[in-house]
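Taking it in order: structure first as structure tokens, then the write-up.
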Amino acid sequence: MSSSPIDPAQPRLPLFPAAPGATNAGAANAGAANAGAANALADSHRRWFKRALPRSLWGRSLLIIVLPMVMLEVLATWFFYDRVWDTVERRLSTAVAGDIGFTLNALSTADSSAERDYLLARSGDVTELVYAYRAGETLPGGMQRTTGGGTEEQLAQAMVERVGRPFEIDGDFDPRDLLVSVAMPNGVMQVAVPRKRLSTPTSSLFILWMIGSSLVLLTIASVFMRNQVRSLQRLAIAADQLGKGRDVPNFKPEGATEVRQAARAFIKMRDRLQRQITQRTEMLAGVSHDLRTPLTRMKLALELMADDPSVAELKSDVAAMQRMVQGYLDFARGEGEEPERATDIVLMIHELISSTQRDGPPIFAALPEHHVLPLRPDATRRCIGNLISNARRYGKHIWITGVATRDGFDVTVDDDGPGIPAEQRDSVFRPFYRLDAARNPNTGGLGLGLTIARDLARGQGGDVTLEDSPQGGLRVRLHLPS
């Protein structure tokens, strides 16, 4: 039977040795000299912390609830085991040691072995301890030895206080009992102590109660937070649909007060945007339509006049004004309320290529077989047609590429023309803006092609951007969302 000596009065060594003062001073000096590196390390730690956080609102809200709950349970468990449980174990051990000490004191009054055995039997019935006297055996004097964990340590301290005799505690004696051997004047008293007398099931009940209550609270909080977040998700979906030019007629405020307030603000914004678009569309269409009648009369009157240079110039001006009015109408029609439907964008591009490559520069296409998107077909056809027409006007060759992306479909139109300088790429999307090289009325350009194309794309939640083409000219990228 192996054992290890216990000396409660023996001083404990510190867990971590103290560092020399010179080392601390050197570390402080090094930290001051490398402040920049420390700041960079702190920034990297903050970035790591942000990456570790949940990205969804539901996850972060749940984390706000879970973290305090876990910290509270950790503190409660620490308090229970460090204070309450330690006190309970100490009192139970003291009670067992008191029973053993009382029995040993009672044995001093026994005059015979029969009387001693009677006292041990009666004491065992009352205290639930099993006593056995080993006459003639000895223990090393002046030593208290124990094997086992914290329960044995608590009992050993109580034995020192209540018994005051050399003893040995064997924690490996039996899974259910401890064996306590106490030195007597003429032998050794062995006591089998049930472990249930040194512990209480309160700890298991406490842990089960903590885990069970935490799971119930977490489930309730999770369901509640999911219901709160769902209204925000609906608001985000409605805003995304409106940004893609799709109507959201059935959207209604729901959820918490703040979410309802944001939803009502969204509905007011949607109504204002629709009114502004409708008013501008009607104004452009009305003005353009009203201008066509006097222009037609002017053109007819000019045809009846004799041919001379001044009449030719007037005819040219009237023709330019007619093209501008037609551009106004095209721009106004781009903001119409065309319904969306599932459309094969690849088939649409092939049809546009077939209708436009009969004359002009050749067109080379690299497209997938099929790709269906929810689109406004007429608006999308006019958008891509404008991009192809713009490329045909300035390039000798045209390349059209279609690629499916994670959130939609990208169409790129490349040409080998002169391109557009980077500093003017934002300006060309302004209505009626024309580059110096394009200021030729014979080209038929009014500066509305790219403007209408981007307006049609953004009306469906997409966009049109300009880049440098690997063919040497301009690349126009059209993104259409899914």
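Bear in mind these aren't lab numbers, they're just calculated from the coordinates by the rules spelled out. None of these values were measured; they are calculated from a predicted model. All Cβ positions, glycine included, derive from the backbone under ideal geometry; neighbour counts span all protein chains shown.
Which three extents, in angstrom, do the Cα atoms of the stretch 366-424 have along their principal axes, listed largest first?
34, 24, 22
Can you compute the equivalent ellipsoid semi-axes for the stretch 53-200, i.e. the square root of 5 times each eigenvalue of the Cα gyration tensor, sorted largest first and rounded to whole Å?
So the equivalent ellipsoid measures 46, 14, 12 Å along its semi-axes.
If you place +1 on the Cβ of every Lys and Arg, -1 on the Cβ of every Asp and Glu, and leave all else neutral, what size is the dipole of the stretch 213-269 about its Cα centre, to the nearest 20 Debye?
120
Order the peptides 343-353, 251-261 from the highest to the lowest mean number of other Cβ atoms within 10 Å of their residues.
343-353, 251-261
Taking the Cα centre of the stretch 53-200 as the origin and placing charges on Cβ (Lys, Arg +1; Asp, Glu -1), which of 71, 199, 96 is farthest toward the positive end of the dipole?
Result: 71, furthest along the dipole toward the positive end.
Dipole size in debye (nearest 20) for the stretch 368-426 around its Cα centre, Lys and Arg Cβ +1, Asp and Glu Cβ -1?
260
Which residue, chosen from 391, 448, 356, occupies the Cα position most advanced towards the positive end of the dipole of the stretch 340-481, where the dipole is computed from +1 (Lys, Arg) and -1 (Asp, Glu) charges on Cβ about the Cα centre?
Of the candidates, 448 comes out farthest on the positive side.
About the Cα centre, and with charges only on the beta carbon of Lys, Arg (+1) and Asp, Glu (-1), how big is the dipole of the stretch 53-200? Nearest 20 debye, please.
620
If you take the square roots of the eigenvalues of the alpha-carbon gyration tensor of the stretch 340-481 and sort them as a ≥ b ≥ c, do you get rounded (a/c under 1.5), prolate (a/b over b/c) or oblate?
prolate
Put +1 on the Cβ of every Lys and Arg and -1 on every Asp and Glu Cβ in the stretch 254-317; which of 312, 291, 261 then has its Cα farthest towards the positive end of the dipole?
261
Determine the principal axes of the Cα atoms in the stretch 203-321, then give the extent along each, sorted from largest to smallest and rounded to whole angstroms.
113, 21, 17
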